[in-house]
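Q: Once you've had a glance at the structure underneath, I'll fire off some questions.
The numbers here are math on the coordinates, done by the rules we state, and not lab data. Keep in mind the model is a prediction, meaning the values are calculated, not measured. Using ideal geometry, Cβ is built from the backbone for each residue, glycine included, and neighbour counts are taken over all protein chains shown.
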Amino acid sequence: MSNSFGKLFRFSIFGQSHAPAIGVIIEGLPSGFEIDVEKLSAFLARRAPGGRYATSRKEPDAPEFIAGLVDGKTCGAPVTAIIKNTNTRSSDYEYMRHIPRPGHADFAAMVKYGPSRDYSGGGQFSGRLTAPLCIAGGIAMQLLEKRGVSVGSRILSIGGERDEEKMFELIDKARADGDSVGGVIECTVSGLYPGVGEPMFDGLENRIAQAVFGVPAVKGIEFGAGFESAGMLGSECNDPFYLDDEGKVRTRGNNHGGILGGISSGMPIVFRVAIKPTPSIAKEQPSVNMERKENCTLQVRGRHDPCIVPRALPCIEAAAAAAIYDLILESER
Ligand SMILES: Cc1cc2nc3c(=O)[nH]c(=O)nc-3n(C[C@H](O)[C@H](O)[C@H](O)COP(=O)(O)O)c2cc1C
């Protein structure tokens with residue numbers, strides 16, 4: 001089982017969608033660090049349900065720090081935060097005991113964990129588990145900011161559409177049709193100095209990808225020019241070096257996405273993430289009743305986003321921040 005990420009900045013996520021609480025235990029924070037809780041709450045609010053394009057499950061996602069802080073400052077013990085699950089309607093999910101939702105983790109969880117699994121609200125596979133990820137990543141972001149490193153993201157497209165108004169029209173249409181849409185997020189990390197990242201299996205790309213795939217519904221990631229670079233000539237793809245006015249080595253263009261050999265080049269780290277459409281849709285879909293061993297149809301009930309992409313933005317930032325902060329600590333060892 002791996003609900004943990006990181007080597008020196010290490011965190012473990014626990015809980016299920018309808019358990020009494022979800023949370024995170026974080027190790028590797030410097031002692032005496034004051035977490036800006038207001039800022040962290042504002043970060044978590046970007047992920048929380050509610051708003052025009054989100055599910056009607058409304059929960060404030062207020063983190064409660066139950067260990068590791070004294071007078072608001074880290075004391076060296078693991079920092080542990082929980083978020084209570086208050087708005088659960090498990091009856092919405094009773095049908096999922098035997099009938100897996102196409103596109104969701106239900107079938108895989110049935111096979112792997114058997115009848116004891118927690119299927120309610122998607123159990124441990126719920127998008128809700130990205131709230132504790134945002135606590136760990138939000139704290140990593142605050143530590144990165146102290147080092148002049150900032151992490152930001154934006155929506156590049158929804159359902160293949162890049163025009164903002166059209167993107168949101170597509171979401172509205174999907175909702176009205178009982179359907180869902182996916183999209184692409186672009187994340188940029190600025191201010192990271194050159195030399196962060198380890199070779200081969202622990203490079204920035206490896207670790208960022210590992211963390212980002214911890215966000216459910218992520219189906220792809222590309223760095224810099226990514227898949228487009230496969231069709232370029234070397235002379236087009238290479239980013240030429242030059243010395244800037246301060247004598248720093250920079251590149252013209254950033255097809256390499258700020259990473260060379262798994263190690264930061266000093267240019268902004270840029271990567272894009274493909275988020276699939278929300279699996280739970282109101283439209284009728286074929287599935288299998290696993291108890292009766294017969295084909296059936298399924299109409300998903302419960303409260304689900306017609307598009308996960310807007311709420312996934314802080315999750316991707318959190319994953320990137322955690323991976324990068326961990327690698328910074330490794331490079332400073
Ligand atoms: C912020 C967020 C919210 C999500 N909300 C839902 C949801 O309401 N309904 C749903 O079916 N899937 C939702 N998901 C996606 C599922 O959790 C995910 O597709 C499922 O666990 C299967 O994992 P996979 O898509 O990575 O294979 C959400 C994901 C994120 C990141």
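Q: Within the chain, how many Lys pairs that are eight or more residues apart, or on different chains, come under 17 Å at the alpha-carbon?
A: Final tally of qualifying lysine pairs is 7.
Q: Can you classify the stretch 150-292 as rounded, prolate or oblate using the Cα gyration tensor, where a ≥ b ≥ c are the square roots of its eigenvalues, rounded means a/c under 1.5, and otherwise it's prolate if a/b beats b/c and oblate if not? If you can, show how the numbers build up before the last one.
A: Numbers: a/c = 2.78, a/b = 2.00, b/c = 1.39.
Prolate, because a/c is 1.5 or more and a/b exceeds b/c.
Q: Okay, next question. Roughly speaking, what is the stretch gain from Arg333 to Lys7, that is 0.36 nm per residue apart minus the C-alpha to C-alpha distance, in nm to one decimal?
A: 116.2 nm
Q: So what is the relative contact order of the stretch 155-293, in percent, for Cα pairs below 8 Å that sit 6 or more residues apart?
A: 34 percent
Q: Under 8 Å for C-alpha pairs, at least 6 residues apart: give me the relative contact order for the stretch 4-331, rounded to a whole percent.
A: Reported as a whole number, the value is 24 percent.
Q: On a C-alpha basis, how far is the centre of the stretch 268-286 from the centre of the stretch 86-148 in Å? Whole number, if you could?
A: 15 Å
Q: Out of the GluC sites (Glu not before Pro) in the stretch 186-285, which ones are loop residues according to DSSP with at most 10 other C-beta atoms within 10 Å?
A: When the GluC sites (Glu not before Pro) of the stretch 186-285 are filtered for loop state and at most 10 Cβ neighbours within 10 Å, Glu246 remain.
Q: Please report how far the C-alpha centroid of the stretch 4-37 lies from that of the stretch 165-185, rounded to the nearest whole angstrom.
A: Their Cα centres are 33 Å away from one another.
Q: For Arg301 paired with Glu165, estimate the spin-label separation in nm (one decimal), with each label point 7 Å from Cα along the Cα-to-Cβ line.
A: 3.9 nm
Q: Starting from the Cα-Cα distance between Ala282 and Phe241, subtract it from 0.36 nm times their residue separation and give me the gain in nm to one decimal. Kindly include the intermediate steps, with their values, before the conclusion.
A: On the way: separation 41, 0.36 × 41 = 14.76 nm, distance 5.23 nm.
Here the answer is 9.5 nm.
Q: Rg and Dmax of the chain, Cα atoms, in Å?
A: Considering the chain through its Cα atoms, Rg and Dmax are 20.9, 72 Å.
Q: Summing -39500 (n - 2.57) over the DSSP H runs of n ≥ 4 in the chain and dividing by its residue number, what mean residue ellipticity at 222 nm do you reach, to the nearest 500 deg cm²/dmol?
A: Estimated from H runs of four or more residues: -8000 deg cm²/dmol.
Q: Let me ask something else. For an R0 of 35 angstrom, estimate the FRET efficiency from the Cβ-Cβ distance between Asp172 and Arg292 and round to the nearest 0.05.
A: 0.40
Q: Here's a follow-up. Could you go through the stretch 244-251 in sequence order and give the Karplus-derived ³J(HN,Hα) for each residue, using 6.51 cos²θ - 1.76 cosθ + 1.60 with θ = phi - 60°, rounded to whole Hz, and x for Gly and Pro?
A: 7, 4, 8, x, 8, 7, 10, 10
Q: I'd like the Karplus ³J(HN,Hα) series for the stretch 152-168: coefficients 6.51, -1.76, 1.60, θ = phi - 60°, whole numbers in Hz, and an x wherever there's a Gly or Pro.
A: Once θ is set to phi - 60°, the couplings for the stretch 152-168 become x, 8, 8, 7, 8, 7, 10, x, x, 9, 9, 7, 4, 4, 5, 4, 6 Hz.
Q: Could you calculate the contour length gain from Lys146 to Arg46, that is, 0.36 nm times the residue separation minus the distance between their Cα atoms, to one decimal place in nm?
A: 33.8 nm
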